[in-house]
Amino acid sequence: MVIAKKFVINKYFEGEPKRSDLSLVEEEIPELEDGEFLIEAEYLSVDPYMWPYVYHVPLGSTMIGSQIGKIIQTKNSKFRVGEYIFANVGWRTHTVVNEDDGGVFEQTPYIMPDIEDLPRSLGLGTLGLTGNAAYFGLVEICFPNSGETLVVSGAGGAVGSHAGQVGKMLGMTVIGITGSDAKCKWIKEELGFDHAINYKTQDVAAVLKEIAPNKIDCYFDNVGGEISTIVLSQMNLLGRVALCGCISSYDGDPKILPKGTNIQPLILSAQLKVEGFLAMRWMNRWAEGFDQNLEWIRQNKIKYHETVTEGFENMFDAFIGMLQGNSMGKAVVKV
Ligand SMILES: NC(=O)c1ccc[n+]([C@@H]2O[C@H](COP(=O)([O-])OP(=O)(O)OC[C@H]3O[C@@H](n4cnc5c(N)ncnc54)[C@H](OP(=O)(O)O)[C@@H]3O)[C@@H](O)[C@H]2O)c1
């Protein structure tokens, strides 16, 4: 008999998620039916979207999320025992999966390609959602050109650190904004960003004016809020903004229409193109993003860092730690 552990949602988050909003419970796994297979989680992802998207499922559901799991039983000839798959099945150690299960993003399970010596956890980050958000978001939304200046917020995190490196490959001057000196040092000294700004200790507006005297052409926005208002105010005519995320507003109640900062004059006067995107838009090109990012890792053009928390029981600590800025690069949990 297999016993699964899972986190269930007791209460929707009000402001920052609290440990008591979730409970860790056990569940007996039933016999498989035809077409199903059973996976055992190896790595689970913790992502900012889990904060606002928790409202998309009913209370009492398993906490949402994706994982890389090993198939340990199967009644589906396409998914064989021993293979590793990516699946959006939530915060669970063992899961009976059907090939149509797609989670909140309707992204169905797929077999992880063999990446040899690299950690399989990359399937949750650089070779998964965050890598594809960085790759498609920068290339398809920002229309980056060599010689232009790119600003990336959330630059010490999973998507931001990746997007900035793609910008460097394309010949841009890249400025990263993030929340600690350690992350500033990492993105500058190891990832090759031209400049890094610690928004918690520096005056972002003043530093940007000094290091980007010719203003900003592209903005890859992961955070929204005041940081983004400052960046928008220093953009060149016809600048492009890829709006990937707005973590500074995830604490809001999704049922209440937000009272936004008045940024329209900035967009109008510089005639900016601002476009929100979800990486899932390129679901039909997912493998292209995977292959491109894998090639760049092999060529040492994309460097990754993972903050790995050990132990399924520590999912909540990994999640809240990532939201509070304690992780660098991609935050994952190893069971
Ligand atoms: N559009 C898509 O398809 C897509 C896909 C993946 C992710 N995203 C979005 O992209 C963004 C980054 O995601 P990620 O997975 O790479 O997460 P991440 O950057 O690795 O982790 C989140 C980081 O955001 C920073 N942060 C937290 N609160 C903040 C605030 N109020 N203002 C400024 N920064 C704050 C913290 O780092 P600091 O130390 O820098 O404060 C925190 O560690 C998120 O907004 C996420 O929702 C979008």
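Students often check this: by mean Cβ neighbours within 10 Å, which of 288-299, 224-235 ranks highest, and how do the rest follow? All intermediate terms of the calculation are to be shown ahead of the outcome.
Numbers: 288-299: 16.7, 224-235: 20.1.
Sorting 288-299, 224-235 by mean packing, highest first, produces 224-235, 288-299.
Taking every DSSP beta bridge that has both ends in the chain, the antiparallel portion is near 55%. From the alpha carbon centroid of the range 293-335 to that of the range 121-152 is 17 Å. Between their Cα atoms, which of LYS301/LYS334; LYS5/LYS334; LYS183/LYS259; LYS11/LYS334 are more than 20 Å away from each other? Beyond 20 Å: LYS301/LYS334; LYS183/LYS259; LYS11/LYS334. Per residue, the average separation of C-alpha pairs within less than 8 Å and at least 6 apart gives the chain a relative contact order of 17 percent. Put the Cα centre of the range 48-87 next to the Cα centre of the range 161-191 and the gap is 31 Å.
Of the residues VAL97, ASN76, SER146, the one whose Cα sits farthest toward the positive end of the charge dipole of the range 19-169, with +1 on the Cβ of Lys and Arg and -1 on the Cβ of Asp and Glu, is SER146.
Taken about its Cα centre, the chain carries a charge dipole of about 920 debye when Lys and Arg each add +1 at the Cβ and Asp and Glu each add -1 at the Cβ. As a rough guide to protection, the peptides 33-43, 133-143 ranked by mean Cβ packing within 10 Å, highest first, stand as 133-143, 33-43.
Calculated FRET efficiency, LYS209 to GLN324, Cβ-Cβ distance, R0 = 30 Å: about 0.55 to the nearest 0.05.
Which shape class, rounded, prolate or oblate, goes with the range 1-90 when its Cα gyration tensor gives a ≥ b ≥ c as root eigenvalues, a/c under 1.5 marks rounded, and past that a/b bigger than b/c marks prolate? Taking the square roots of the gyration eigenvalues as a ≥ b ≥ c, the range 1-90 is prolate. For the pair GLU31 and ASN10 in one chain, pulling the backbone fully straight at 0.36 nm per residue adds 4.8 nm over the alpha carbon distance. For the chain, set up a Gaussian network in which alpha carbons nearer than 10 Å are linked by springs, and say which option among ASP203, ASP100, ASP117 fluctuates the most. In the Gaussian network model the winner is ASP117. Using Cβ point charges alone (K and R +1, D and E -1), the dipole size of the range 129-280 about the Cα centre works out to roughly 120 debye. In this structure, the amide hydrogen of TYR110, modeled 1.01 Å from its nitrogen in the peptide plane, lies closer than 5 angstrom to those of PHE86, counting only residues at least 5 positions away or on a different chain. Accessible area of the range 10-136 with a 1.4 Å probe: how many percent of it is carbon plus sulfur? Reported share for carbon and sulfur atoms: 47 percent.
Would you work out if the chain is rounded, prolate or oblate? Take a ≥ b ≥ c from the square roots of the eigenvalues of the alpha-carbon gyration tensor; rounded if a/c is under 1.5, else prolate when a/b is larger than b/c, oblate otherwise. Prolate shape, in that a/c is at least 1.5 and a/b is the bigger ratio. Based on C-alpha pairs under 8 angstrom that are at least 6 apart in sequence, the range 129-280 has a relative contact order of 23 percent.
Full extension of the chain between HIS56 and PHE143 yields a length gain of 28.1 nm, computed as 0.36 nm times the residue separation minus the alpha carbon distance. How would the range 129-280 be classified by its alpha-carbon gyration tensor: rounded, prolate or oblate, with rounded meaning a/c under 1.5 and the a/b versus b/c comparison settling the rest? Rounded is the answer for the range 129-280, as its axis ratio a/c remains below 1.5.
For the range 211-260 versus the range 261-275, the inter-centroid distance based on Cα atoms is 10 Å. Couplings for the range 169-178, taken from phi via the Karplus curve 6.51 cos²θ - 1.76 cosθ + 1.60 with θ = phi - 60°, read 4, 8, x, 8, 8, 10, 10, x, 10, 8 Hz in order; Gly and Pro are left as x. Seen against the Cα atoms of the chain and their longest principal axis, helix 286-298 is set at about 70 degrees.
The values are calculated or read from the model by the stated rules, or taken from the named source; none is laboratory data. Everything quoted here is computed from the prediction, not taken from an experiment. Neighbour counts run over all protein chains shown; Cβ positions are idealised from the backbone, glycine included. When the accessible area is computed, the model is the full protein with side chains, heavy atoms only, and any ligands, DNA or RNA have been set aside. Shrake-Rupley method; radii C 1.70, N 1.55, O 1.52, S 1.80 Å.
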